[in-house]
Amino acid sequence: MNINNVNLEKVGVDFSQYPDTGLPEVALLGRSNVGKSSLINNFLNRKKLARTSANPGKTRTINFYNVDDKMYLVDLPGYGYAKTSKDNRAAFKKMMDDYIFQRETLAMAILLIDSRHKPTSLDVEMFNTLMKAGMVPLIVATKTDKLNRAEKAKVNKRIMKAIDTDLSLRIIHYSVSTNAGRDELISEISEYIAAISED
Ligand SMILES: Nc1nc2c(ncn2[C@@H]2O[C@H](COP(=O)(O)OP(=O)(O)O)[C@@H](O)[C@H]2O)c(=O)[nH]1
Ligand SMILES: [Mg+2]
């Protein structure tokens, strides 16, 4: 897959605001600050398309990046950000669940997990939610440039242990500083999109 033309086509909080082109969607999920926006910029090779921030909890919308009129990369708001009101949290959960369970064009889910830490209970919950919605998420362990070799070797086992599944999951180690994992992620996504386009 060559990535040529990318643009942030839609930003929304409910179905009326989402694209109606029918293109397949690849959703990115993860807790606030896991490195989602950075990965989008790195993956799409655009420095400032998605806003990155050292302060978590900024993005509260679902953002649809059109990739060459072939698919959307969909940035969902990060979860696990504590400083929001109860009302906001309920609305947030509804927006996420509606999208995950009812969005017909949602084809593939990518769950980002910080490689430096044990997956949080919210990461595990999100994994289970995606499974319930009929998707086996592709796991991306972020910020692996922060790890030494010995730490890197432990990442997959720690993730598998927390998620506790019999499935053999695909885990990609990603770093926006070294571009590690980028080619792998591109081929995973393009294979997936190619496979569903044949159906
Ligand atoms: N060292 C390193 N830092 C990263 C990487 N990805 C993201 N970060 C940093 O992590 C912080 C949060 O990133 P951001 O993309 O805004 O996270 P988001 O909240 O998930 O969208 C920022 O300070 C980024 O610079 C990475 O691969 N390596
Ligand atoms: Mg972000």
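The values are calculated or read from the model by the stated rules, or taken from the named source; none is laboratory data. The model shown is predicted, which means the values in this text are computed figures rather than measured ones. Note: ideal-geometry Cβ built from the backbone for every residue, glycine included; neighbour counts use all protein chains shown. Quick note on the areas: whole protein, heavy atoms, side chains included, nothing else; ligands and nucleic acids left out. Shrake-Rupley method; radii C 1.70, N 1.55, O 1.52, S 1.80 Å.
Which one of these does Pro77 not meet: (1) in a helix (DSSP H, G or I); (2) surrounded by 13 or more Cβ atoms within 10 Å (Cβ to Cβ)?
Here Pro77 clears every test but (1).
For the range 172-199, which positions are part of a loop (DSSP other than H, G, I, E, B) and surrounded by 14 or more Cβ atoms within 10 Å (Cβ to Cβ)?
Here is the first cut: in the range 172-199, the residues part of a loop (DSSP other than H, G, I, E, B) are 174-181, 199.
Answer for the range 172-199, where residues must be part of a loop (DSSP other than H, G, I, E, B) and surrounded by 14 or more Cβ atoms within 10 Å (Cβ to Cβ): Tyr174, Ser175, Val176, Ala180, Gly181.
Tell me, which residue of the range 121-165 that is acidic (Asp, Glu) and open to solvent by 60 Å² or more (accessible area, probe 1.4 Å) is farthest from ligand 1 (Cβ to nearest atom)? Explain how you work it out, then say what you get.
First, pick out the residues of the range 121-165 that are acidic (Asp, Glu): 123, 125, 145, 151, 164.
Among the residues that remain, those that are also open to solvent by 60 Å² or more (accessible area, probe 1.4 Å) are: 125, 145, 151, 164.
On the way: Glu125: 17, Asp145: 5, Glu151: 13, Asp164: 24 Å.
Looking at the filtered set, the residue picked out is Asp164.
From Gly22, Gly30, grab the single residue that is open to solvent by 30 Å² or more (accessible area, probe 1.4 Å), at pLDDT 95 or above and of a type in the set (Gly, Ala, Ser).
Numbers: Gly30 fails: open to solvent by 30 Å² or more (accessible area, probe 1.4 Å).
Residue meeting the stated conditions: Gly22.
What's the number of the condition Thr52 fails, among (1) surrounded by fewer than 22 Cβ atoms within 10 Å (Cβ to Cβ); (2) at pLDDT 95 or above; (3) under 21 Å from Ser177 (Cβ atoms)?
Result: Thr52 fails condition (2) only.
In the set Ile110, Ile62, which member is closer than 20 Å to Ser187 by Cβ and either of a type in the set (Asp, Glu) or within 16 Å of ligand 2 (Cβ to nearest atom) (or both)?
Criteria check complete, one pass: Ile110.
All but one of (1) in a loop (DSSP other than H, G, I, E, B); (2) open to solvent by less than 10 Å² (accessible area, probe 1.4 Å) hold for His117; which doesn't?
In the conditions (1) in a loop (DSSP other than H, G, I, E, B); (2) open to solvent by less than 10 Å² (accessible area, probe 1.4 Å), His117 misses (2) alone.
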